[in-house]
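Everything below concerns the one structure shown next.
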Amino acid sequence: MKANDTTMGQLADEAPLNGVANAGVLPQLLSALRGIVDEAGLLLGEDVSSRHPGVFMSRIEADVIVRPTTVEQVSQILALCHEFAQPVVVHGGMSGWVRATQTRRGDLALSLERMNRIESVDLANRTAVVQAGVVLETLQDHLQQFDLIFPLDLGGRGSCQLGGNAATNAGGVRVIRYGMMREQVLGIEAVLADGRVVSSMNQMIKNNTGYDLKQLFIGSEGTLGVITRLVLRLREQPSSSNTAMVCASSFDQIAKLLRHMDGALGGQLSAFELLDNNFYSVNTAAGRHQPPLPSDKPFYAIIESLGSDQQHDAEMFARALEKGIELGMIEDAVIAQSERDKQGIWDIREDLEHIVRDFQPFYAFDISLPVGDMEEYMRLVTERLHELWPEGSIAFLGHVGDGNLHIAIGAGQDEDREQVEACVYEPLARYGGSVSAEHGIGLEKKRWFPISRNPIERDIMHSLKGLLDPQGILNPGKVLERAAGEGGE
Ligand SMILES: Cc1cc2nc3c(=O)[nH]c(=O)nc-3n(C[C@H](O)[C@H](O)[C@H](O)COP(=O)(O)OP(=O)(O)OC[C@H]3O[C@@H](n4cnc5c(N)ncnc54)[C@H](O)[C@@H]3O)c2cc1C
């Protein structure tokens, strides 16, 4: 994917979206909005177009950005939009990668940025109640004083919002230990397209009273409702942490090591991140990051454990790695001896700048499939790509412990995007894999959605959309929704 890719922008801009009116935000609607939010709550003209457009998008085309501060305001705004059949695109921290926040002329963008209060932290229950616009890192920092953590963690932590994390069911590097966002949310308050407020602010881990309605909104990418508040599950702050980088001669060794470490660390394994040689070599080239291990092995992994007794856990961690070497699962390992070492190791994984610069045109993918099928899949995709572009570059990395691979490709020309995508997505069908492990569908992956969801699943999704948003005003045209005149999604 290319940042500021205008080609992609035009494609979406020109497409009619679900038949929803898109003729410009009506003057009557605008004047009614002025009666709901204060002056700072309504942005127009230059104040809209000069804002950060979001990842891989060139500019915000919406006519207006509305910035409410309360759920009552969100409710009134949506009731109005419902009445006027006004398309609404929710804007969180704008860190998503699938153009799910893209707007067109005539759209109204609803930004949660002013609903950014951490309302309470309940120490006994280990929960936090937050407004949806709280930035993930703000909550992480706030919890330090209580020796608690909110375990979701990802590279976009400084800008993404907890509402956005819920709307995308975000994953990140600690999923293997704590699960995805879905597992961290106990309760939700969301506003439906017609303005009705669904208050499902459950505080308990166990609550089996009928359908779990909050799950409808988690991962719905702003198409079923606007999330305004969340009850989040917190965990104890781990007091020990150990990090290592290892290298292996085959993917099979990495897969065996994953099982071995999970067993040997007694539940402490908190991250297991794969980097293939291509990715490792790009980021550890001269003048970039310091390589902890020589760059002559096909696979590398970052392994992290979180526990409660530094001396004991460090010994257990080192023993587990030694055993891994003894059993022939890894060729070598380096254990971080300081916070600086740990950061150095993580920087090699999290720094995407070099690969984006080196691989041109740059495409990024986020898929998942069973770990046992990964090696064959990686080989297949590489072969397909090299058949078409023998000089093309490809690198694999990702949260392999969760069956999640990220793929970086530099091949062909901008106009070859569809063919590059086919190389990555089509082989997934045979493994029952997913075209989106954690970033969602947005506009970017709509076309490939049927690879991962069968007709009956898609039908139920359409029915839910029709039930909760009968006029189709919420994020029209995103995820699976059919555009007017389209036979299928
Ligand atoms: C450097 C970097 C690394 C990243 N790493 C990861 C990673 O490891 N794992 C991962 O999962 N993601 C990752 N991401 C992607 C991104 O951070 C997540 O998808 C994040 O959850 C998006 O949150 P946001 O607030 O920025 O949402 P936005 O990008 O603003 O919106 C995303 C979608 O959610 C909807 N939405 C936002 N807020 C609400 C709300 N309150 N109610 C209803 N709908 C809403 C939007 O309409 C849109 O459809 C990364 C991003 C960056 C920049």
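Please treat every number below as a calculation from the coordinates, not as lab data. Only a predicted model underlies this, so the values are computations on that prediction, with no experimental measurement involved. Quick reminder, even Gly has a Cβ in these numbers, built from the backbone with ideal geometry, and neighbours come from all protein chains shown.
List of remarks:
- Separation of alpha-carbon centers, segment 177-226 and segment 379-432, rounded to whole Å: 34 Å
- The mean of 1/r over all pairs of different alpha-carbon atoms in segment 293-431, once inverted, gives a Kirkwood hydrodynamic radius of 17.2 Å.
- The magnitude of the dipole of segment 240-350, with charges of +1 and -1 set on the Cβ of Lys/Arg and Asp/Glu and taken from the Cα centre, is near 140 debye.
- Using the Cα coordinates of segment 179-309, the gyration tensor eigenvalues translate into equivalent-ellipsoid semi-axes of 40, 20, 14 Å, sorted from longest to shortest.
- Selection from 250, 394, 268 lying farthest towards where the dipole of the chain points positive, charges on Cβ: 268
- Positive-pole candidate from 133, 158, 218, dipole of segment 118-236, charges at beta carbon: 218
- Computed as a quarter of the hull surface, the mean projected area of the alpha carbon convex hull for segment 353-437 stands at 5.2 nm².
- As a proxy for reagent exposure, ranking 363, 211 by other Cβ atoms within 10 Å from fewest up yields 211, 363.
- Lysines with Cα under 23 Å of residue 323, excluding same-chain neighbours fewer than 8 positions away: 256, 297, 342
- From least to most packed, judged by other beta carbons within 10 angstrom and beginning with the fewest, 94, 316 follow the order 316, 94.
- Computed about the Cα centre, the dipole magnitude for segment 101-202 is approximately 280 debye when only Lys and Arg (+1) and Asp and Glu (-1) carry charge, each at its Cβ.
- The chain: proportion of alpha-carbon pairs further apart than 38 angstrom, %: 27 percent
- Values of log10 I(q)/I(0) for segment 240-350 across q = 0.12, 0.19 Å⁻¹ run -0.36, -0.92, by the Debye formula with one identical scatterer at each alpha carbon and no solvent.
- Residues of type lysines that residue 206 reaches as a straight line, Cα spacing below 25 Å, ignoring anything fewer than 8 places off in the same chain: 214
- Summing Cβ point charges (Lys, Arg +1; Asp, Glu -1) relative to the Cα centre of segment 53-126 gives a dipole of roughly 280 debye.
- Shape summary of segment 287-348, radius of gyration then Dmax from alpha carbon positions: 12.7, 37 Å.
- Translational D in µm²/s for segment 118-236 (Stokes-Einstein at 4 °C, 1.567 mPa s, Kirkwood Rh from C-alpha pairs): 91 µm²/s
- Listed peptides 337-346, 180-189 by packing density, highest first (mean Cβ within 10 Å): 180-189, 337-346
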